[in-house]
Each structure stands twice: as C-alpha cells, then as structure tokens.
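Enquirer: Here it is, the structure, as structure tokens.
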Amino acid sequence: MAGDRAKGRGRLSSIDMLPDEAQPDIVWAAEELRKRERLQKDILAEFNARIADRGLSPVSATAFNRYSTQLSLTTRRVEETHRIVAALGDRIDPAASDDLTMMIADLGKILVFELLQDAGHAGFSPKDAKELAMAARSFAQAQRASTDRILKLEKEMAGKVEAVAEAMVRETGLSAERAAEIRNQVLGVRK
C-alpha cells in the first residue's frame, strides 16, 4: 500500500536531478500541468525542448508522469482544504470563527510541514518553497489577528461591565465594594 511506504527522501527523480538552471522550466511545466489546458505529452515535449536548449538530457515520460501525479495529488489536497474551509466558514457563526481560525491555522501549519517533509520527492521548486513559507506566515498572521480580536473584545466587555457596575453604584445606592464584588463574582470579571 502507498500508506505503508517508508517516509524519507527516496530516490531522486530525473527532474529532481536537473541543475538549478532548469528551475524556470520545471516551474513552467508545473504551472502548465496545474492549468489542465494541454495534454501531458505535449507539455513534456515542450519541456524537453526547453531543457534541450540548455544542453540537458530529456526527461522520460515515466518520470514526468510520476512528477505530474505527485503534483496533482498535492494540488488536489490543497484545493480540497480550501473547499472545506469555505464550507465551514459559511456555516459557523462569528462567535465560533476565532476557534475555527485557530484550528485551520494549526492544520495549515501541519500541512505545510508535511509538504516540506515530502519536498525531496515531490519535485518542489524554489517558488514552491517560497509559497509554502508565505502560507505558513499567513497562518501565523491569522492566528495573531484572531488573538488580537479576542483581546479587544474582552477589553470592550470589561469596559462595559465596569460601566454597568458604576451605574449600579449611582442608581441603586450600592457601595463601590458591593458593586466590585458583584462584578467579580457574578460576571467573572477581574479588576
């Protein structure tokens, strides 16, 4: 089974072994495969022509197919994650959105880590690595924004509770100590 395969770098493919000068061509091929507008054999033919212009040996159809399959699996996983997030986002009320943001950010960071672990045999380019780094950064920013929002709401709520406590003191004649006691015990707000 595929799931039983040992994790690790594995044997480098002929695409992995291409020199750095071929990276623009690898990125081009990956983008063409992702678009799904052309036949894979046509993309391979043009890819091989491009690397031949650089004096490099052609890549076999088998190696290119393995590269295409891995790229497709990774792309589908990311797209499926986006669809799930969008569906959940539509169904969750704003009160739970911060929890969802934190959960998705954690899952996203795990996905980035898993993708980086498989980068050796997934044919990642420098562009792919940069995009993963930007995704990880975005997840961290989302968590930070969510935390900042929660802190802001808590501060606003504390201010409102304080205003209510002061109004209770003025209008009911309660002592300030009794209002503070009510605020601390009943409302759970510490001052």
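The values are calculated or read from the model by the stated rules, or taken from the named source; none is laboratory data. None of the values given here were measured: they were computed from a predicted structure. Cβ placement follows ideal geometry from the backbone for every residue including glycine, while neighbour counts extend to all protein chains displayed.
Enquirer: Kindly establish whether R77 is within 19 Å of the chain's Cα centre (by Cα) and among the basic types (K, R).
Expert: Considered against the rule, which asks whether it is within 19 Å of the chain's Cα centre (by Cα) and among the basic types (K, R), R77 comes out as yes.
Enquirer: Still on this structure, please answer the following. Between a residue in the stretch 8-36 that is of a type in the set (F, W, Y) and any residue that is modelled with pLDDT of 90 or more and in a helix (DSSP H, G or I), which pairs come within a Cβ distance under 8 Å, given they are 6 or more apart or on different chains?
Expert: Correct list of pairs: W28/F47; W28/R50.
Enquirer: Let me ask another. So which residues in the stretch 11-50 are more than 24 Å from the chain's Cα centre (by Cα) and among the small types (G, A, S), if there are any at all?
Expert: Correct list: S13, S14, A22, A45, A49.
Enquirer: So L56 passes all but one of these: (1) exposed (fewer than 11 other Cβ atoms within 10 Å of the Cβ); (2) farther than 20 Å from L115 by Cα. Which condition number does it fail?
Expert: Among (1) exposed (fewer than 11 other Cβ atoms within 10 Å of the Cβ); (2) farther than 20 Å from L115 by Cα, L56 violates only (1).
Enquirer: Something else about it: Regarding the stretch 29-38, can at least one residue be identified that is surrounded by 14 or more Cβ atoms within 10 Å (Cβ to Cβ), at pLDDT 90 or above, of a type outside the set (A, V, I, L, M) and within 17 Å of R66 (Cα to Cα)?
Expert: Yes, because at least one residue in the stretch 29-38 is surrounded by 14 or more Cβ atoms within 10 Å (Cβ to Cβ), at pLDDT 90 or above, of a type outside the set (A, V, I, L, M) and within 17 Å of R66 (Cα to Cα).
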